[in-house]
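A quick write-up on the structure given underneath.
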Amino acid sequence: MKTTYDIIIIGAGLGGLESAYILSKAGYSVCVLEKNKHIGGTLQQFSLGDCRFSSGMHYLGSLDEGQVLNELFKYFNILDDLKLKRMDADAFDKFNIGGREIEYPMGWENFEKKMGNYFPNEKNAISAYVNLMKEVADNQDIYNLRFPKDADIRLNPYLQQGIYPTIQSLTKNEDLQNALCALNFVYTGDKESSSVYAHALINNYYINSAWRLVGGSSQVADLLSENIKKFGGEICTQAEVSEFLFKEKELIGVKTKDGREVFAKQFISNMHPAITLEKIAEGKIRKSFRHRLENIPNTISVLGLHVRLKPGKVLYKNYNYHFYKENDVWAINSYSTNKLPSFYYLYFPAGKQTDEFADCVSIYTYMHFAEVKKWEGLPLEKRGTEYEDWKKRNAGDLLNLVAEKFPEIKENTVDWIAATPLTYRDYIGSPGGAMYGTLRDYHDPMSSYIFAKTKIPNLFFTGQNNNLHGMLGVSISALVTCGEIVGLEKLINEVNEQ
């Protein structure tokens, strides 16, 4: 590692890696500093026997030819080398809502038809919903790889409109309301804060097409890393940034935990904004800016249960399964630490492109950080028997709930790993183990949305906290952030020319 670069990027999550690709390709000398041993953030994987589990990136949307993620992956020069599996076109996501099963197919026309079959007396409401979703998605320039006419996303009218009251205005049928919002888990949909903007973009993303990464998500990080290095960029792991270095009020470098000092002209933080600010001394950034970012609420965390199965016993399912015990898909609002889990999201990792049986399964349920707060100051692997017993009890409760619908999973469990909010805090670097970073509130978009630019002229943010999370949201954030340096219109043109 050199001591001076054009650009230093802090954090080798997806946003950091994509930013490094864009800027190294543009001819800048780039160094990515990552605190962990492995790159990728939520793209990281871990093993249990022969099973390979992804930390957070479970499936992709809009990857068919000509769709937005397909175009972005072409630009990042990874599409041809990814191992992919298209999910069930007729039912890529299945939902059990209070005992009633609903399926989501790919394509808005198919979606409208299937919802009409479920709710034949609600076809006008369903058509109005589909038209609204398409209108919102089609009007977002940057998500359609068009140069945005409006620079301030916070002025977007759909960002200031709540999805819950909007759905209520379309239909009084509560079963249909639930069906239309059944995909809530993939963005922690919250009736009190979630906007039409977020709901529409995320639902459109998956309904366009849905895919799994065969063998797991780390291949995305590995391919990006290879391409960054081809352009002369550097990636340094186990290089945790502990401090930003200033010459008076000018940001000139960073200091790592092991004492190294590295200097650059410009800096991009792929860390959570609050964690970024912890590394900036008082007086170096405006107090009001610091206060706002430090006080933005974060999304809820999860308990993840990753199970290794007996081979050849459990049929592979080429869809995700969302279970809501109550007739209410806003499970995040009814979640209580005093109750056994009443919701889960289940998916089978694609071990190969032609699976008959599943070797592994991952199961998630919502969990507040408060449930693990008593152990937050203890180091990894040293949280004691009380913490391990607590994990076993909660994992057992979750597995028992899953067994009501899929008894074969519990019957054929060999062993398992549980990931708690502490796990996500430690490995992903998200305060409180927040699943999708900062919470965006349609009541106050001016305060809850974060720009790429900061109040330090040569420091920028990228990643899931900027706009939307997930593969698409983070990829768009990398374009917007790097657009501040190389020119966004020029960059979008390059993507479209691939």
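In table form, for the structure just shown:
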item	result
Search result, residues across the range 394-416 that are open to solvent by 40 Å² or more (accessible area, probe 1.4 Å) and more than 16 Å from Y344 (Cα to Cα)	E408, E411, V414, D415, W416
Long-range neighbours under 6 Å by Cβ, at least six apart or interchain, first residue more than 21 Å from D150 (Cβ to Cβ) and open to solvent by less than 10 Å² (accessible area, probe 1.4 Å) within the range 430-454, second among the basic types (K, R) and assigned to a helix (DSSP H, G or I)	G433/R425
Pair list, Cβ under 6 Å, 6 or more apart: the range 42-57 residue within 13 Å of D415 (Cα to Cα), other residue outside any loop (DSSP other than H, G, I, E, B)	L48/R308; L48/I417; G49/R308; C51/R308; C51/C360
Criterion (among the polar types (S, T, N, Q) and not in a helix (DSSP H, G or I)) met by exactly one of N333, N327	N327
Enumeration of residues in the range 214-246 that are part of a strand (DSSP E or B), β-branched (V, I, T) and either open to solvent by less than 10 Å² (accessible area, probe 1.4 Å) or at pLDDT below 95 (or both)	V241
Subset of the range 202-213 [surrounded by fewer than 24 Cβ atoms within 10 Å (Cβ to Cβ) and touching a Leu at 6+ places or on another chain (Cβ under 6 Å)]	S209, W211
All positions within the range 161-185 that are outside any helix (DSSP H, G or I) and over 24 Å from the mean Cα position of the chain (by Cα)	T171, K172, N173
Condition check for K134: part of a helix (DSSP H, G or I) and of a type outside the set (A, V, I, L, M, F, W, C)	yes
Qualifying positions in the range 355-371 - in contact with a Lys or Arg (Cβ under 9 Å, 6 or more places away or on another chain) and over 21 Å from E408 (Cα atoms)	F369
Residues satisfying the stated conditions in the range 455-464, i.e. within 18 Å of G40 (Cα to Cα) and open to solvent by less than 10 Å² (accessible area, probe 1.4 Å)	F461, T462, G463
Residue tally, condition more than 15 Å from T188 (Cα to Cα), under 19 Å from the mean Cα position of the chain (by Cα) and surrounded by fewer than 23 Cβ atoms within 10 Å (Cβ to Cβ), over the range 307-345	2
Hits in the range 282-298 - residues which are under 30 Å from the mean Cα position of the chain (by Cα) and either at pLDDT 95 or above or charged (D, E, K, R) (or both)	R286, K287, R290, R292, E294
From K255, K249, residue being over 27 Å from N467 (Cα atoms) and either touching a Leu at 6+ places or on another chain (Cβ under 8 Å) or modelled with pLDDT of 95 or more (or both)	K255
Residue within the range 90-98 that is aromatic (F, W, Y) and farther than 30 Å from K230 by Cα present	yes
Residue among I296, I363 that is open to solvent by 10 Å² or more (accessible area, probe 1.4 Å), touching a strand residue (DSSP E or B) at 6+ places or on another chain (Cβ under 6 Å) and aliphatic (A, V, I, L, M)	I296
Selection from the range 367-383 of residues that are assigned to a loop (DSSP other than H, G, I, E, B), surrounded by 15 or more Cβ atoms within 10 Å (Cβ to Cβ) and not charged (D, E, K, R)	H368, V372
Meets criteria (open to solvent by less than 50 Å² (accessible area, probe 1.4 Å), under 18 Å from G13 (Cα atoms) and among the aromatic types (F, W, Y)) for Y424	yes
Answer from N184, N156, N178 - the residue that is open to solvent by 20 Å² or more (accessible area, probe 1.4 Å), at negative phi and of a type outside the set (K, R)	N156
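Each row is one residue, and each column tells you yes or no for (1) touching a strand residue (DSSP E or B) at 6+ places or on another chain (Cβ under 7 Å); (2) open to solvent by 50 Å² or more (accessible area, probe 1.4 Å); (3) among the aliphatic types (A, V, I, L, M); (4) part of a helix (DSSP H, G or I).
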position: V262; (1), (2), (3), (4): yes, no, yes, no
position: E282; (1), (2), (3), (4): no, yes, no, no
position: F289; (1), (2), (3), (4): no, no, no, yes
position: R292; (1), (2), (3), (4): no, yes, no, yes
position: V302; (1), (2), (3), (4): yes, no, yes, no
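Yes/no per residue for (1) basic (K, R); (2) at pLDDT below 90; (3) open to solvent by less than 10 Å² (accessible area, probe 1.4 Å); (4) in a loop (DSSP other than H, G, I, E, B):
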| position | (1), (2), (3), (4) |
| --- | --- |
| N466 | no, yes, no, yes |
| M471 | no, no, yes, no |
| V474 | no, no, no, no |
| T481 | no, no, yes, no |
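The values are calculated or read from the model by the stated rules, or taken from the named source; none is laboratory data. The structure displayed is predicted, hence computed values, not measured ones. Note that we place each Cβ from the backbone using ideal geometry, even for glycine, and neighbour counts take in every protein chain shown. With ligands, DNA and RNA removed, areas are computed over all heavy atoms of the protein, side chains included. Shrake-Rupley method; radii C 1.70, N 1.55, O 1.52, S 1.80 Å.
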